[in-house]
Amino acid sequence: MHRLVVIDDEYIVVEGIKAIIQREKLNCEVVGFAYDGIEALEVIRRERPDIVITDIRIPGLDGLSLIEEAKEFLPDTSFIVISGYTEFEYARRALTLGVKSYIDKPVTIEKVSEVISMIDTENERKEEKEKERDAARKYRTALEGRTELMICSILDEKAGEFADAVEENLRLIGSYASDIDVYKKEAYRMICVAVEVFVDQRSDRRIHVSYSEFEKCENEQQIAGYIRELVKQMTEVLESRKTASSHRIISRLLEYIDSHYNEDFGLNELAEQVNLNPAYLSILFKSEVGMSFVKYLTGMRIEKAKGYLLDGHKVAEVSEMVGYNNYRYFCDIFKKHVGVTPSEFKGMKK
């Protein structure tokens, strides 16, 4: 409900407007009134109304000067002028001050109802526009965040996260777009960013957005389908590069193990060689090699030990030669994997 202040040097006009507001149950509450400009300025300053209805000709401070003063501290308040005058100078000055409307004397129910209704309509439009602007701001913020994740997933070669980010962007665009043209424009902009980053990172121009093909899309489903096909192509490249990278990492580590199997090291030291998290390396190693790092290293040591034993080395020597400083532990591990002790295995040669 609007807070209203009425200003007129005629008592009957002030009371008449108050009666109209109450009788017609208009969306207003009269919170103050005054009969001259000086008093009116104090009432406005104190009550901070949403609407001020004021006569142009009032003692102390004329209506337009009052509006000019009040606008300094209440820029969003709506001012309505009551006037029996039609001089051009009054009208021109009122326009520069942003006066919403005029009420010609005599003041009637119809005239007051009309201007209040006009302000209601204007405020509704203003609120609607503000909601639209707020929704647009929220959309842009959300889209920027998801687009940043999308870009990072391309740079980090995380195909799954990239595909998820694109799907989330499509959902956001769909919830925001008011029609197919807006959806198409926003979706085109989004996928162009993704492809540009992808191509820039890999100098691979096989994947590109065809504007002519994009323009042929007639609905959201076709647009999303076109984008998903591009995403599929990009994720395949990301996955293949990731697989190739994994192969290179594991190949490097297998060479390291082959050269250092006789040294005391574990998964943590191995992870340091390639700057990977040990937990992640454990999963990657098993995925690429088909067995855990410990099982692979143990198997290699046992095979090396067999060769050394068959070459005639003593069991204690072989234990140290393959990286086991604890002789008894070496014998237990060897028997567990081979089925016989190192000494028994060595005797099998004879």
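The values are calculated or read from the model by the stated rules, or taken from the named source; none is laboratory data. A quick note: this is a predicted structure, and the numbers were derived from the prediction, not measured. When we count neighbours, we look across all protein chains shown, and the Cβ atoms used for this are built from the backbone with ideal geometry, even at glycine. Note: accessible area is taken over every heavy atom of the protein model, side chains too, but ligands, DNA and RNA are not part of it. Shrake-Rupley method; radii C 1.70, N 1.55, O 1.52, S 1.80 Å.
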Discussion item. With the condition being basic (Lys, Arg), open to solvent by less than 30 Å² (accessible area, probe 1.4 Å) and over 30 Å from Val199 (Cα atoms), I'd like the helices (runs of 4 or more DSSP H) fully within segment 234-333 carrying at least 1 qualifying residues.
Written reply: 293-310
Fill in: Test result for Gly16, open to solvent by less than 70 Å² (accessible area, probe 1.4 Å), in contact with a helix residue (DSSP H, G or I) (Cβ under 8 Å, 6 or more places away or on another chain), modelled with pLDDT of 90 or more and not basic (Lys, Arg)
no
Worksheet entry | Answer from Ser83, Ser78, Ser117 - the residue that is under 30 Å from Ala19 (Cα atoms) and at pLDDT below 85 | Ser83
Worksheet item: Would segment 158-170 turn up any residue that is surrounded by fewer than 12 Cβ atoms within 10 Å (Cβ to Cβ), more than 24 Å from Asp134 (Cα to Cα) and charged (D, E, K, R)?
Response: no
Item to complete: Return yes when Leu66 is outside any loop (DSSP other than H, G, I, E, B), at pLDDT below 95, open to solvent by less than 70 Å² (accessible area, probe 1.4 Å) and not polar (S, T, N, Q) and no when it is not.
Response: yes
Practice prompt. For segment 121-135, state whether one or more residues are in a helix (DSSP H, G or I) and over 30 Å from Leu26 (Cβ atoms).
Written response: yes
Worksheet item: For segment 24-44, does any single residue satisfy the condition of being of a type in the set (Lys, Arg), surrounded by fewer than 18 Cβ atoms within 10 Å (Cβ to Cβ) and at negative phi?
Response: no
